[in-house]
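Data block below; observations after.
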There are 2 protein chains.
Amino acid sequence: MSKVKPYLYILLLFLIPMIFFHFFRNTNGDKNERVTEEVEDSSPKNQKEILPSLVIHGGAGTADPEIMSDSLKIAYKSALFEVLEIGKAMLLNGDSAHHVVIRVIAMMEDNQLFNAGRGAALTNKGTVTLDASIMTGWDKKAGAVACVEHIKNPIYAAYQVLNNSSHVMLVGKGADEFAKQQRLVMVPNSYFITENAKARLKKALETDKTGTVGCVAYDKYGNLSAGTSTGGMNNKKFGRVGDSPIIGSGTWADNDVCAVSCSGWGEFFIRSVAAHEVASLIKYKDYSLSKSLHEVIYNQIDKLGGNGAIIAIDKNGEIAIESNTATIFHAWFDKNGRQNVALSKK
Amino acid sequence: MSKVKPYLYILLLFLIPMIFFHFFRNTNGDKNERVTEEVEDSSPKNQKEILPSLVIHGGAGTADPEIMSDSLKIAYKSALFEVLEIGKAMLLNGDSAHHVVIRVIAMMEDNQLFNAGRGAALTNKGTVTLDASIMTGWDKKAGAVACVEHIKNPIYAAYQVLNNSSHVMLVGKGADEFAKQQRLVMVPNSYFITENAKARLKKALETDKTGTVGCVAYDKYGNLSAGTSTGGMNNKKFGRVGDSPIIGSGTWADNDVCAVSCSGWGEFFIRSVAAHEVASLIKYKDYSLSKSLHEVIYNQIDKLGGNGAIIAIDKNGEIAIESNTATIFHAWFDKNGRQNVALSKK
């Protein structure tokens, strides 16, 4: 026995630092907070500074907002106000459009009030699967993840796909694996499932299939970016993916035209390629931004039998919000310095 | 012991038919062959009969077709000729556009020469994951599956999503599960992996990332349909999904405009929403079909740094094929009765 002991000591000599390093890595692997600070910002900044604008949505639904309790309405409005103020401050401070989109969406993913990240809708198996996408308007680069189960902030993963991969879309376990390699914060699926959110959503939005968060931003340099994140439909099954992670359907950005993020019954937004259609009408038919949104919502989505909302900013920083749903939780500020937080268009 | 026996007999009385039924179900579960015959055909047929047309692609690549052996060229051409003849016969016989699209693509999925279904490109883990989508032009319905591993014919699954679900896109294990419930033929992943195809593809298409099969059809009733199926990029990882299963990017169909299927470097087709962009240029800029394809391939995909091919048929049955790659395996017949099979545009 005494012959074995020296080996054991040597083994321990190696094992202890390995174990230490393992935990050290894990506790310092919290890259999420640093994503927007660390990434090289390749967006062009050589233009003369202009006035930024921002639109955020927290989901469109068919439930009458009047059935929500006052305290819940205030909770949603306060959450929207906070992210609006943070996004606005970033833009006025000279931050890039996509940094704002990422930060705003990540905050909403962290807030269990919204159907994205923590607090997202549950699948028929009682788990959460998440989708997100982002696009930058100056280079038309895009990134998306779909059906991921362990990425704390799917919008960060979408941005890492845009920024650190040669791909546009990663799905399922592979996407989770990619995010882990990118050292994003990974969580057990149970992290996303909140009892409070479940009960609250059930009460307030029982008939709604259509929560999503999204953001479009226009920065001081005239750059546009759009992003969208969701937990998808309540009780969804079979790995269903809606429009949120689909570039062209849920998200679109082109500095020469507009930035668009959609929320609603995803299947109809895919079949209309809604976000790209908004841009096509502006680019090829000289529609104004608001006319284009109206056309897509009322003459395309609505006519197919779908519903939802679109938020957008055009290349001049004009903003627009359109929906054919009772609610569209949103917040905006425009280049004239006006701002608003509201739960429906009225 | 003799007390137990009667129960055993009763148990067996139930078990035997259950086991029998189980196998009976399995051997009769081969629904694939019947998908196109069984599905109710809801496409409108009340218009006066016109002359149909058809375009098929078997992938676009950057490898010089001259490096391929004559016997391989003949193998590809023969395979394309056969599916063209079958599709043509169906259309002339009055079959619906989407039935032809499904049948043609399923045949190419079954043929290990093509990067779809059996013989598809391998992931970095040595497995096969498959994507497919289909759209019908009269109702703008669409179905897609991505990252599936066990569905013998992903195009059937895409059609079942269109026809038998309220969704447009299903991904990963959930999509496999759905297909199983739809009683499509399921196979072990190893079914898709063929040594011959591996060696052959490696030799002929070593530098190519971009095999895909697709079909656009215009039937006697003026209906358009488009479909696309692929194994994706060679050596892909992280659950990468290209444009093939993305409605608007890889596949689009609208009776009032055109049907489109793309093949190529998927990331660039997603970032250009290529198939929908072809339709937008025709619809909103009055471009001809061939001008629209040229614009998207050369002024959009190419300018972003991508490459690939697009096949399309417009609402008048005119056909077009465009690519900026050395090869585009394709076959077509048009409403004037002309037809052709070729491995490149020249």
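The values are calculated or read from the model by the stated rules, or taken from the named source; none is laboratory data. Predicted model only: the values in this text are computed from it and were never measured. A quick note on method: Cβ atoms are made from the backbone with ideal geometry, for glycine too, and the neighbour counts reach across all protein chains shown. Accessible surface is based on the protein model in full, side chains and every heavy atom, while ligands, DNA and RNA are left aside. Shrake-Rupley method; radii C 1.70, N 1.55, O 1.52, S 1.80 Å.
Quick notes on this structure:
- Scan of segment B:296-305 for residues that are open to solvent by less than 60 Å² (accessible area, probe 1.4 Å) and either of a type in the set (Ser, Thr, Tyr) or more than 11 Å from chain A (Cβ to nearest Cβ) (or both), ordered by number: B:VAL296, B:ILE297, B:ILE301
- Residue in segment B:259-280 that is in contact (Cβ under 8 Å) with a residue 60 or more places away in the chain and at positive phi present: yes
- Taken residue by residue, segment B:260-275 has at least one member that is more than 14 Å from every other protein chain (Cβ to nearest Cβ), at pLDDT 95 or above and part of a strand (DSSP E or B).
- Of all residues making up segment B:325-344, the number that are over 10 Å from B:SER53 (Cα atoms) and within 21 Å of the chain's Cα centre (by Cα): 11
- One residue alone among B:ALA279, B:ALA253 is out of contact with any His (no Cβ under 8 Å at 6 or more places or on another chain), buried (at least 21 other Cβ atoms within 10 Å of the Cβ), modelled with pLDDT of 95 or more and closer than 21 Å to B:LYS220 by Cα, and that residue is B:ALA253.
- Taking the criterion of being within 18 Å of the chain's Cα centre (by Cα) and over 14 Å from A:PRO52 (Cβ atoms), the residues of segment A:306-319 that qualify are A:GLY308, A:ALA309, A:ILE310, A:ILE311, A:ALA312.
- Residue check for A:LYS303: of a type outside the set (Asp, Glu) and either over 26 Å from B:LYS141 (Cβ atoms) or in contact with a Leu (Cβ under 6 Å, 6 or more places away or on another chain) (or both): no
- Number of residues in segment A:180-234 that are of a type in the set (S, T, N, Q) and either at pLDDT 95 or above or farther than 30 Å from A:ALA326 by Cβ (or both) equals 9.
- Any hit, segment B:313-323, residues being among the basic types (Lys, Arg), open to solvent by 10 Å² or more (accessible area, probe 1.4 Å) and over 26 Å from B:VAL100 (Cβ atoms): no
- Extreme residue, farthest from the chain's Cα centre (by Cα), among residues of segment B:284-295 that are in contact (Cβ under 8 Å) with a residue 12 or more places away in the chain and within 14 Å of another protein chain (Cβ to nearest Cβ): B:GLU295
- Among the residues of segment A:235-265, those that are of a type outside the set (Gly, Ala, Ser) and more than 13 Å from the chain's Cα centre (by Cα) comprise A:ASN235, A:LYS236, A:LYS237, A:PHE238, A:ARG240, A:VAL241, A:ASP254, A:ASN255, A:ASP256, A:VAL257, A:CYS258, A:TRP265.
- All conditions but one from (1) within 12 Å of another protein chain (Cβ to nearest Cβ); (2) over 25 Å from B:ASP41 (Cα atoms) apply to B:SER166; the one that does not is (2).
- Residue in segment B:252-259 that is part of a strand (DSSP E or B), within 22 Å of B:LEU130 (Cα to Cα) and within 12 Å of another protein chain (Cβ to nearest Cβ) present: yes
- In the set B:VAL161, B:VAL83, B:VAL104, only one residue is among the β-branched types (Val, Ile, Thr) and out of contact with any Cys (no Cβ under 9 Å at 6 or more places or on another chain); that residue is B:VAL161.
- Condition broken by A:LYS237, with the remaining ones in (1) at pLDDT 95 or above; (2) within 12 Å of chain B (Cβ to nearest Cβ) satisfied: (1)
- Failed item in (1) open to solvent by 10 Å² or more (accessible area, probe 1.4 Å); (2) closer than 24 Å to A:ARG240 by Cβ; (3) hydrophobic (A, V, I, L, M, F, W, C); (4) out of contact with any helix residue (DSSP H, G or I) (no Cβ under 6 Å at 6 or more places or on another chain), with B:PHE238 passing the rest: (4)
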